[in-house]
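Peer 1: Below is a structure I'd like to ask you about.
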Amino acid sequence: MPRYLTYFALTLAALGGGCSNPAATDTSPRDKAAASATTPAATVHDGRSIEITGNDTMKFSVTEISAKPGEKLSVTLVNLGTTPKFSMGHNWVLVLPMPDVQPFLSAAAEAVTTDYVPKGTQKDRILAATKLLGPNERDTVTFTAPTTPGRYDFFCTFPGHYQVGMRGVLIVG
Ligand SMILES: [Cu+2]
């Protein structure tokens, strides 16, 4: 409590009350207004916001997302782990349905220079992707859900993380 308020309170106490003192009720709303003015506004993204965390256990906090066809979504991935990015980076990559995900994962594992995001034809299968994140980093990707109802897999393309279970599904319907 600021010193002048302490003094004010003590003065009121000394006077034996203050519940009905108009000065006291005047002060409170003004303080609240000042406090909210200095509170930073929340970051606004387009579309429905979905926050997903990942950590050193190589799992996503959200493994199923439902969306309407063509709905605008804003996915934020937060890496809450502590292991350095070069050995435990995480990203969130949404892909088109494919008969076998293995070729995609192999291409991703080899794409060291592009943060494990594959190039060429495999890249064309990506619908949305965040950056590869180290500890305490976050990234948001805004995209439009496919207009075709169905199940769209998402996962982390850091080598081995899909296999451990760092994956989930976007259900459009
Ligand atoms: Cu990962």
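The values are calculated or read from the model by the stated rules, or taken from the named source; none is laboratory data. Owing to the predicted nature of the structure, the values given are computational and were not obtained by experimental measurement. Neighbour counts run over all protein chains shown; Cβ positions are idealised from the backbone, glycine included. With ligands, DNA and RNA removed, areas are computed over all heavy atoms of the protein, side chains included. Shrake-Rupley method; radii C 1.70, N 1.55, O 1.52, S 1.80 Å.
Peer 1: State in Å² the accessible area per residue of region 88-173; use a 1.4 Å probe, count heavy atoms of protein chains only, and round to the nearest integer.
Peer 2: On the way: 4050 Å² over 86 residues.
Roughly 47 Å² per residue, with all protein chains present.
Peer 1: Step through the residues of region 84-91 one at a time and calculate ³J(HN,Hα) from phi using the Karplus curve (6.51 cos²θ - 1.76 cosθ + 1.60, θ = phi - 60°), rounding each to whole Hz and writing x for Gly and Pro.
Peer 2: Result, rounded to whole Hz: x, 4, 5, 10, 8, x, 9, 9.
Peer 1: Principal axis extents for region 45-102, Cα atoms only, whole Å, descending order, please.
Peer 2: 37, 32, 16
Peer 1: Between residue 121 and residue 138, what is the label-to-label distance in nm when each label sits 7 Å out along the Cα-to-Cβ direction?
Peer 2: It works out to 3.9 nm between the two label points.
Peer 1: Over 19 Å between Cα atoms, which of 59/85; 68/123; 72/123 qualify?
Peer 2: Numbers: 59/85 16 Å; 68/123 24 Å; 72/123 21 Å.
Those over the limit are 68/123; 72/123.
Peer 1: With all protein chains present, how much of the accessible area of region 55-173 (probe radius 1.4 Å) comes from carbon and sulfur, to the nearest whole percent? Walk me through the numbers before you get to the answer.
Peer 2: On the way: 3120 of 5790 Å².
For region 55-173, the apolar C and S fraction of the accessible surface comes to 54 percent.
Peer 1: Report the relative contact order of region 92-159, percent, no decimals, based on alpha-carbon pairs under 8 angstrom and at least 6 residues apart.
Peer 2: 50 percent
Peer 1: In the full protein assembly as shown, how much of residue 58 is accessible to a 1.4 Å probe, in Å² to the nearest 10?
Peer 2: Here the residue's solvent-accessible area equals roughly 40 Å².
Peer 1: In addition: Given H placed 1.01 Å from N in the peptide plane, which residues other than close sequence neighbours of residue 51 have an amide H under 5 Å from its amide H?
Peer 2: 76
Peer 1: Name the long-range amide H neighbours of residue 60: under 5 Å, sequence gap of 5 or more, or other chain; modelled H, no Pro or chain starts.
Peer 2: So residue 60 has HN proximity to 167.
Peer 1: Cα atoms only, region 52-156: Rg and Dmax in Å?
Peer 2: Spelled out, the Cα radius of gyration and Dmax of region 52-156 are 13.6, 38 Å.
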